[in-house]
Structures are given as C-alpha cells and as structure tokens.
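Reading through the structure tokens given below for one structure.
The values are calculated or read from the model by the stated rules, or taken from the named source; none is laboratory data. Note that the structure is a prediction, hence the values are computed from the model and not measured. Every residue, glycine among them, receives a Cβ derived from its backbone with ideal geometry; neighbour counts consider all protein chains shown. For the accessible areas, the whole protein counts, side chains as well, though only heavy atoms, and no ligand, DNA or RNA atoms are used. Shrake-Rupley method; radii C 1.70, N 1.55, O 1.52, S 1.80 Å.
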Amino acid sequence: MTDSWWKKAVVYQIYPRSFADSDGDGMGDLRGVIDHLDHLAELGVDVLWFSPIYPSPQDDNGYDISDYQDIEPMFGSLEVFDELLAGVHARGMKLIMDLVVNHSSDEHPWFAESRSSKDNPKRDWYWWRPARAGMAPGTPGAEPNNWGSVFGGPSWEYDEKTGEYYLHLFSTKQPDLNWENPEVREAVYAMMRWWLDRGVDGFRMDVINMISKDVTLPDGRLPVGAAYADGSASFVGGPRLHEFLREMHAAVFAGREGLLTVGEMPGVTIDEAKVHTDPANHEVDMVFQFDHVWVDRGPDPWLLVPLKLTDLKAILGRWQAGLATEGWNSLYWNNHDQPRVVSRYGDDSPEHRVASATMLGTVLHLHRGTPYVYQGEELGMTNYPFRGIEDFRDIEALGQYHQALSLEGRNPEEVLTVLRARGRDNARTPMQWDDSPQAGFTTGTPWLAVNPNYPQINAASQRADPTSVFHYYRRLIELRHCEPTVVTGDFTMLLPTDERIYAFTRRLNKTELLVLANFTPHPVRAEIPDAPSWSNADLLLTNLPTPSPSPDPLLLAPWQAVVYRRQE
C-alpha cells in the first residue's frame, strides 16, 4: 500500500436512499447495499463513497446531520454498518463517508444548546448576529447582510427566543458551524477519529471550502433583478481555509495509512487546487471542482445553454495542465447533485444511449486523475421525464421554483424546463436493478418515482449482456488498473477548436495512447496531426463492435470512442 494508491483507483458513489431497499418501506438502506456488494465487486471499483447515512431530519436528504456518531434508523444501525464495512473490506474495496461539517442540522444537540440563550457556552458554535442597524428584528430586510441561500430565500433565519439571526448558507434547517471557535474544530476532529478507528477509510468533505468565512460577514454583490446577493466572496476559500485543513490533517490523518480525503470545493480555482492537493501541504488528496458541470449554464439561471464542446475541452484541458506536476484531479460526470450525463452531454434516445454513455465514460476515465462513478452511471441511466413541480422532491428545486415564481416573476414552464434538465432529482431516482415492479428497488412504494424506462435499462439485463454499458465500464476500470499510462501518463489535448471530436494523447515513457471520441450523431473523421504515424497502432478499446464504419481507423461512427496504443 503506497500513499498514492488512490491514483489508480476508481470510486463509486452510493446515494443510500435510492440504491436498494431491503425491507419494503420504499427507502434504500444499508442492508440493501450489502445485498448488492457483488454487483460492485464485479464492476471492479476500489472505493465506495456513501452519501450521508447519519441520523437526520432529512430536510436535505441527510446533508442535515443531527448526530455525527450514529446511523440513521431508516438506513439501519451501527451493527449493520459494521457488517457492511466488513463485507466491503472482504471484497477488497474501501469505504469512505460523506463528511458534512460546514453546517449541522438545527436538530443537532449542539444547535439546540446554541439557540437556547445568548450566554450558552455553545452560542458561538454557530454564526449569530443581531438585525441590521436601524431595523426591527424579524422584519423584511432586517437580516444581518443581503446574502441569499443556495436553496432560495435569505441566508439568515430569525430566532424569536433570543432576538437574533443565525446564518444558513443552505436550508434554514442547516445552520452554519462557526469554525473560528477551536472547540467546534476539536469536536469535529474527534468525531472523524472515531469513524477512522471504526475502520472507515476516509472522507469526502461536503462544501469544505466554505468553512472559513470573513468574520465581518459583509454585504455581497446584488445582481440586477435578483432578490438576494451572492455572498460567496466572503465564504468560498476563506482566509483561514488552508490553516483549518492542515490542522485537520494533523489532528485526524497524520500517522494513518491507506486513507482517502476528497474536498468538495465549489468555485475553487486551479491555483487554489494545487495548494490544497499538493502532498507537501497536508490538506486533501484531491478536490471536486465544478467548472466542467457549469459549462452549460449562462448568466441567466433559467435559460438552458447547449453544450459547446470546445468550452468543455478548454476547461478539462486547463485542469489537466494545471495539476500535471502538482496535486491531483478528481474526474466525474455524475453525482447526487448533477443530472444524468447521458441526457446532459450525450444522447439518451434508444438509438444512441449506449454508444453515447460509453463514449462519455471513455473520455472521462482516460484523463489523468481518479474517476468517480455514480450509481446507475454504469448502466447508462437517464434523466427522469418530470411532468410538473409535483414530481420533484428536492429541497433545492422546490425552493428555487418558489423564489423564481414569487419573487422574480418567472414563467412556471420556463422554470420547469430548466429543472427537468438540470434538477438534482434526476440523479436520485431509484437504482434500476431488474425489470420487476419498481425496478427491483423496493417491494413497496419508492420515496421517489422509478424511471419508467427501467424495463429496458437495468442491471440484470446488462450483466447478462457482454455489449452493455455495465461491461464496458468494467473494461474501462480494468484498463486503469492494468495500464500505467492511464494513471500517470502526460496529457496532451488535440483538436482544441473542433466542435465534434474530443481527442487527446496520454504518454508514459515509450508508451502512448490516442483517445478519440465523437460527440455527434454523425460519422466524423478525426483530423489529428501526424495521423499516418498511428496507422499501425493497436486498437486497445472501442465502445462499438468495430473500430469504425470503414477501414479508415480515424473515421468515427456516431458517438464512437476509440483508444489506440503504440510503443516506440
């Protein structure tokens, strides 16, 4: 086991409430995961990342934690968790937990004490402030600053008992912890050590670059026509973030081996990521950046912007170059907060779904970094056909819909069009295991409707089909395990101005790989430089039965991806 074992690993994210339900209550649980561990072992992944499974009121589906050292009863118990962890380890995989410590639930005992009185010892474990000077507490506009919450509305909630406001960058039930208080930090570190001592192999840290804030909490920039301001300049990558992460590493991870730490960091820059992920700095192993999943968003949040392939290539190319010698990239298309990539950047029609899903997988997994597979991605699961707002369950979608209509005067259908395409519930529909009722996810009524295409898209049929998305992902994962060039080879972008073809090379010593991917539903020839030199290269991988529809190895069929290898 080396310190950089995770460079050749593939991580699989489990969203527990939507993975598998073992008791028929319509909600996924840990026993359901245990029942499907062999699916994950067959896929070949190395690490399982669990979205939060701690006790929670479930206001934000578990990202509002009321007890950091137990298991949410609807998911199971600590005893079942220990059984799950043993099963994961027995299959040669690791398990990392989601760590949500920018905020807790308002039902956590820490917050219950904090809000009980102004002189409670835990009062400054959270961010409390009086009303804006000259304004009556609790009246519109009296909030301490003009920041808006990510989920809609102001980022401050008035508490009548003490006459002050508490900060919540997300839901009103997710008050922000005050990391300026050393007692808060030590309580968090003690909790983390407790999980590691139990056998957990690391953490994915939710919005961890928001834990340090400008303590003056100044007003933010108010966009024209917006109800609330963007305060991110005062809490994204704050003044003490590096200090806090290094302190965490020293207090929690130092002296332990074989662990993985991943920091989710919305808005992080390449230069910042270099510092965060440079091993010499002892902060985190890798970060989640968002540039490539914001590429189809414009200045108007309620206007869909078509994917421009050159923009996507420019973003991913910058991150590959920026972390080429220092730090490390995480690679992902999907997670619990993003729509399904085959519907977003590919083509989810029956004709092209398999090809575009596997093409997108090829592009991602052949980059330099650690790939993440989100549950169902290995099946090519698609977005859900939402009819109206009544089909959504996500607090973000519901809050933004209300704000867009009531405060911004938006047209309902305009807002729904964007939510259907980008809403987080697209990723949260239940896992499609087979063609039985409710896709084999539950024998009861699922908490969120199953995608009606489950008879055609499910794990059972794909595991039996060697040409399926599932088996192609197995080959991608095996390639990373077996080919060192995929892991550490240099990255060179080709055809940066081509809107149809994504092309790049990977090189390690005398081995060079050429990756070509067609992002269109039409045959396209990849006009790469020095094309004749690849004429005798070996075809290492393709997502279609034949290399191309003609003897020309650079002519790609619709949504085709190919990987060639040559040796000097």
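Residues in region 14-57 that are touching a helix residue (DSSP H, G or I) at 6+ places or on another chain (Cβ under 9 Å) and among the polar types (S, T, N, Q): 18, 22, 51.
Would you confirm whether any residue within region 510-531 is over 29 Å from residue 328 (Cβ atoms), outside any strand (DSSP E or B) and free of Cβ contacts under 8 Å to residues at least 12 places away in the same chain? The answer is yes, given that some residue of region 510-531 is over 29 Å from residue 328 (Cβ atoms), outside any strand (DSSP E or B) and free of Cβ contacts under 8 Å to residues at least 12 places away in the same chain. Examine region 494-504 for a residue that is within 18 Å of residue 560 (Cα to Cα), open to solvent by 20 Å² or more (accessible area, probe 1.4 Å) and in a strand (DSSP E or B), and state whether such a residue exists. Looking for residues that are within 18 Å of residue 560 (Cα to Cα), open to solvent by 20 Å² or more (accessible area, probe 1.4 Å) and in a strand (DSSP E or B), one finds at least one in region 494-504, hence yes.
Candidates are the residues of region 19-61 that are under 15 Å from the mean Cα position of the chain (by Cα) and modelled with pLDDT of 95 or more; the one that is nearest to residue 479 (Cα to Cα) is 47. Restricting attention to region 215-233 and to residues that are under 28 Å from residue 330 (Cα atoms) and of a type outside the set (A, V, I, L, M), the residue that is least open to solvent (accessible area, probe 1.4 Å) turns out to be 231. Scanning region 125-148 for residues that are in a strand (DSSP E or B), open to solvent by less than 50 Å² (accessible area, probe 1.4 Å) and touching a residue at least 40 places away in the same chain (Cβ under 8 Å) returns 126, 147, 148.
Within region 338-347, the presence of at least one residue that is outside any helix (DSSP H, G or I), within 22 Å of the chain's Cα centre (by Cα), of a type in the set (Asp, Glu) and farther than 19 Å from residue 448 by Cα is confirmed.
Give me a count of the residues in region 124-163 that are of a type in the set (D, E, K, R) and over 17 Å from residue 213 (Cβ atoms). Selection size over region 124-163: 4.
Within region 108-122, residues that are under 14 Å from residue 163 (Cβ atoms) reach partners that are of a type outside the set (Ser, Thr, Tyr) and open to solvent by 70 Å² or more (accessible area, probe 1.4 Å) with beta carbons closer than 9 Å, at six or more positions or on different chains, in the pairs 115/161; 116/161; 117/161.
In region 443-478, the residue that is nearest to the chain's Cα centre (by Cα) out of those that are aliphatic (A, V, I, L, M) and surrounded by fewer than 19 Cβ atoms within 10 Å (Cβ to Cβ) is 449.
Tally time: how many residues in region 41-65 are closer than 25 Å to residue 258 by Cβ and not hydrophobic (A, V, I, L, M, F, W, C)?
Total meeting the criteria: 6.
Considering region 302-340, the residues that are polar (S, T, N, Q) and farther than 30 Å from residue 402 by Cβ include one that is surrounded by the most Cβ atoms within 10 Å (Cβ to Cβ), namely 329. Of the residues that sit in region 234-279 and are hydroxyl-bearing (Ser, Thr, Tyr) and buried (at least 16 other Cβ atoms within 10 Å of the Cβ), which one is farthest from residue 96 (Cα to Cα)? Applying the filter and picking the extreme gives 234. Identification of helices (runs of 4 or more DSSP H) wholly contained in region 19-124 with 3 or more residues that are of a type in the set (Lys, Arg) yields no element. Applying the condition of being among the β-branched types (Val, Ile, Thr) and more than 18 Å from residue 361 (Cβ to Cβ) to region 519-568 and asking which residue is surrounded by the fewest Cβ atoms within 10 Å (Cβ to Cβ) yields 546.
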